[in-house]
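The values are calculated or read from the model by the stated rules, or taken from the named source; none is laboratory data. Source: prediction; values computed, not measured. Heads up, the Cβs are rebuilt from the backbone with ideal geometry, glycines too, and the neighbour counts pull from every protein chain shown.
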């Protein structure tokens, strides 16, 4: 049915339909804006911890059936995930402030001392 409407329906092209939709507001600027790499790093970290939760849920459901083996297996998994978490924390991926904000904060701390 959708295919028939696509084949037989009228196609009206105008400037309004070609514009990107931004919640009913007129778009400002270029749609080809560059995003910071930190945006993508935070997105990957979010996905990493979502996947961890996906693995933890079935484990928690059948934990009593698997006994001690499952405990050590999940302990190893959690240790590896925490190692990754502390690594990204050390690298500053979780820091949302920009370098300029850090410089201003340091300068203010030096003046206060």
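Some points to look at:
- Note on region 1-46: residues that are modelled with pLDDT under 75, assigned to a loop (DSSP other than H, G, I, E, B) and over 21 Å from the mean Cα position of the chain (by Cα) total 10.
- Close Cβ contacts (under 8 Å, 6 or more residues apart or on different chains) running from residues in region 33-44 that are touching a residue at least 24 places away in the same chain (Cβ under 8 Å) to residues that are surrounded by 10 or more Cβ atoms within 10 Å (Cβ to Cβ) and outside any loop (DSSP other than H, G, I, E, B) comprise 41/88.
- Taking region 53-67 as the range and being touching a residue at least 12 places away in the same chain (Cβ under 8 Å) and outside any helix (DSSP H, G or I) as the test, no residue passes.
- Members of region 87-113 found to be loosely packed, with under 10 Cβ neighbours inside 10 Å and at pLDDT 85 or above, listed by number: 90
- Breaking point among (1) more than 25 Å from residue 83 (Cα to Cα); (2) exposed (fewer than 10 other Cβ atoms within 10 Å of the Cβ), for residue 57: (1)
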